[in-house]
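Remarks on the structure that follows.
The values are calculated or read from the model by the stated rules, or taken from the named source; none is laboratory data. Since this is a predicted model, take the numbers as computed values, not measurements. Don't worry about glycine lacking a Cβ; one is built from the backbone with ideal geometry, like all the others, and counts go over all protein chains shown. All accessible areas refer to the heavy atoms of the entire protein, side chains included, with ligands and DNA or RNA removed. Shrake-Rupley method; radii C 1.70, N 1.55, O 1.52, S 1.80 Å.
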Amino acid sequence: MHGKITTILVALSLVVVTPTHADGPAPVPADFKLRIASYGLDPKPVYTEEVVIRAGKIYVFPSNVKEVTVIDPARSTLDIVDVGRRCQCEVTFATLDQAMVKIGRSLVEAAEKLEKQGGKARIVEAKMARDLFETKPEVTFDLERKRLLIKTPVADIDAIGEPETDLARLALIDSAIVNIARLGAYRSPDDLPPFLELRTLAEMTGARKLRPTSITYLYRLAGPPQKMRRTYQVVPTLTDREIEAIQRINKLREVVPSLRYDQFRLDR
């Protein structure tokens, strides 16, 4: 069963886009910014994220915590910098890979346990767990509208994107969004698993070379349906204020201690 879980994760194409050129690695694109807004039912966003990409590195400034996440695709690492507590910790992409396998394994094991216990309610709950991870979704794509629809028994996903011809920029956008989702699941493994979100991003950025502009998720699990929406806006240039913020973060990282993740988490 564990081998099957790993196979499923590979099939999801969770690896970020990695464009290559005949003469070597893809060039680093010009600096830019990605604005992400996350909505629930209210027309105002629940929180926002300013994602600043400078010199090939990704700096994520969320509105709801005093942290900055620095993603370095070249090193396959990310650093969580807690500005309030003045400390940081490093998490490797390999650690996130392992976390995704562990979360998938937990879903399958929970489903198997419920199936063994039997009973209609438990069987329904087990199927929901499998549908979040194992069930192959129905995927349709409207080429003219650049609209991707993904349907599973537990979720409907409506994603709209724009063609992105700069594959180096697309790779950084993909790395930002994918690793924000994976880090969130790593830090809160009991929350809604990220597999359908990751599959959606893989379909858009990998299969169709689209950068997302809006993705709406409607989950039908226990209780009333849960709707969430994210919008993505590319800003092609950085302001002086944003460049200064990056410089301050880099200087802070030079002097604050780097903790193991377990120390970083327990010290909160």
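Some notes on this structure:
- Checklist (1) free of Cβ contacts under 8 Å to residues at least 40 places away in the same chain; (2) under 16 Å from the mean Cα position of the chain (by Cα); (3) at negative phi applied to residue 99, failing item: (1)
- Exactly one residue among 113, 146, 127 is touching a Gly at 6+ places or on another chain (Cβ under 6 Å) and at pLDDT 90 or above, and that residue is 146.
Conditions tested, residue by residue: (1) more than 16 Å from residue 194 (Cβ to Cβ); (2) among the basic types (Lys, Arg); (3) in contact with a helix residue (DSSP H, G or I) (Cβ under 8 Å, 6 or more places away or on another chain).
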site	(1), (2), (3)
87	yes, no, yes
98	no, no, no
109	yes, no, no
126	yes, no, yes
140	yes, no, no
143	yes, no, no
164	yes, no, yes
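- Among residues of the stretch 215-237 being in contact with a Phe, Trp or Tyr (Cβ under 7 Å, 6 or more places away or on another chain) and open to solvent by less than 80 Å² (accessible area, probe 1.4 Å), the one that is farthest from residue 198 (Cα to Cα) is 235.
- Any hit, the stretch 190-206, residues being surrounded by fewer than 17 Cβ atoms within 10 Å (Cβ to Cβ), within 24 Å of residue 34 (Cα to Cα) and either among the aromatic types (Phe, Trp, Tyr) or out of contact with any Ser or Thr (no Cβ under 9 Å at 6 or more places or on another chain) (or both): no
- First in the stretch 64-93 and over 18 Å from residue 255 (Cα atoms), second anywhere and of a type outside the set (S, T, N, Q), Cβ under 6 Å, 6 or more apart: 64/47; 71/58; 71/78; 72/57; 76/93; 77/90; 91/78
- Condition broken by residue 210, with the remaining ones in (1) in contact with a Gly (Cβ under 7 Å, 6 or more places away or on another chain); (2) aliphatic (A, V, I, L, M); (3) closer than 30 Å to residue 105 by Cβ; (4) open to solvent by less than 30 Å² (accessible area, probe 1.4 Å) satisfied: (3)
- Condition check for residue 57: of a type in the set (Lys, Arg) and at pLDDT below 95: no
- Flag not set for residue 136, criterion: in a helix (DSSP H, G or I) and open to solvent by 60 Å² or more (accessible area, probe 1.4 Å).
- Of all the numbered requirements in (1) without any contact (Cβ under 8 Å) to a residue 60 or more places away in the chain; (2) closer than 30 Å to residue 55 by Cα; (3) outside any strand (DSSP E or B); (4) of a type outside the set (D, E, K, R), residue 110 misses one, and that requirement is (2).
- For the stretch 139-159, taking the residues that are assigned to a loop (DSSP other than H, G, I, E, B) and not β-branched (Val, Ile, Thr), the one that is surrounded by the fewest Cβ atoms within 10 Å (Cβ to Cβ) is identified as 144.
- Taken as a whole, the stretch 175-187 holds no residue that is farther than 26 Å from residue 31 by Cα, open to solvent by 50 Å² or more (accessible area, probe 1.4 Å) and among the hydrophobic types (A, V, I, L, M, F, W, C).
- Unique residue being of a type in the set (Asp, Glu) and part of a helix (DSSP H, G or I) when the list is 203, 162: 203
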